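Before any comments, here is the structure.
The values are calculated or read from the model by the stated rules, or taken from the named source; none is laboratory data. Keep in mind it's a predicted model, so treat the numbers as computed, not measured. Don't worry about glycine lacking a Cβ; one is built from the backbone with ideal geometry, like all the others, and counts go over all protein chains shown. These area figures cover heavy atoms from the full protein model, side chains too; ligands, DNA and RNA do not enter into them. Shrake-Rupley method; radii C 1.70, N 1.55, O 1.52, S 1.80 Å.
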Amino acid sequence: MAVGDSITEGGFTFSVYRPLLAGKLRAAGIDFEFVGSRGQDPRRHEGYGGKNVEFLSTTVPANFAKTPADVVLLHCGHNHFGIENQSPA
């Protein structure tokens, strides 16, 4: 499960790491499936553009319960520095 902010979700003006990671995993012969409540198969995720760590900590647990994962990739905290100009708690 990929969890994070816009770097995880992706957008129209920038690329995201999930497709590149998927290609590398396939090339290495690793069987995997991205899970999460957002996106479409095969690249589901828990990415929320513009949201902070506190938002993720209150939103993701319920979604994790619905779509559990063996591995969680967490990339967050950027919006505290880039948008809110403060350190995460």
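Brief remarks follow.
- For the stretch 71-77, the Karplus equation 6.51 cos²θ - 1.76 cosθ + 1.60, evaluated at θ = phi - 60°, returns couplings of 9, 10, 9, 10, 10, 8, x Hz by residue, with Gly and Pro reported as x.
- Computed from point charges on the beta carbon alone (+1 for Lys and Arg, -1 for Asp and Glu), the dipole magnitude for the chain about its Cα centre is near 200 Debye.
- Close amide H pairs (under 5 Å, H built 1.01 Å from N) link S37 with H45, residues at least 5 positions away or on another chain.
- For the stretch 29-77, chymotrypsin sites (Phe, Trp or Tyr not before Pro) are listed when DSSP marks them as loop and at most 13 other Cβ atoms sit within 10 Å of their Cβ; the list is F32.
- Distance in nm between pseudo-label sites at S37 and A22 (7 Å out along the Cβ direction from Cα): 2.1 nm
- Rounded to the nearest Hz, the phi-derived 3J(HN,Hα) couplings of the stretch 36-46 under the Karplus curve 6.51 cos²θ - 1.76 cosθ + 1.60 (θ = phi - 60°) are x, 8, 10, x, 10, 4, x, 10, 5, 6, 10, where x marks glycine and proline.
- Evaluated over the Cα positions of the stretch 23-63, the convex hull gives a direction-averaged projected area, one quarter of its surface, of 3.7 nm².
- Folded to 0 to 90 degrees: helix 53-66 orientation relative to the chain principal axis, Cα: 30 degrees
- Surface per residue (accessible, 1.4 Å probe) for the chain, Å²: 64 Å²
- Scaled against 2.2 N^0.38 Å for its residue count N, the alpha carbon radius of gyration of the stretch 1-51 is 1.11.
- For the chain, the longest piece that avoids every one of the GluC sites (Glu not before Pro) found in DSSP loops with at most 16 other C-beta atoms within 10 Å covers 34-83.
- For the chain, carbon and sulfur atoms together expose 57% of the accessible surface, with a 1.4 angstrom probe and every protein chain in place.
- C-alpha long axis of helix 17-27 to longest principal axis of the chain, angle in °: 20 degrees
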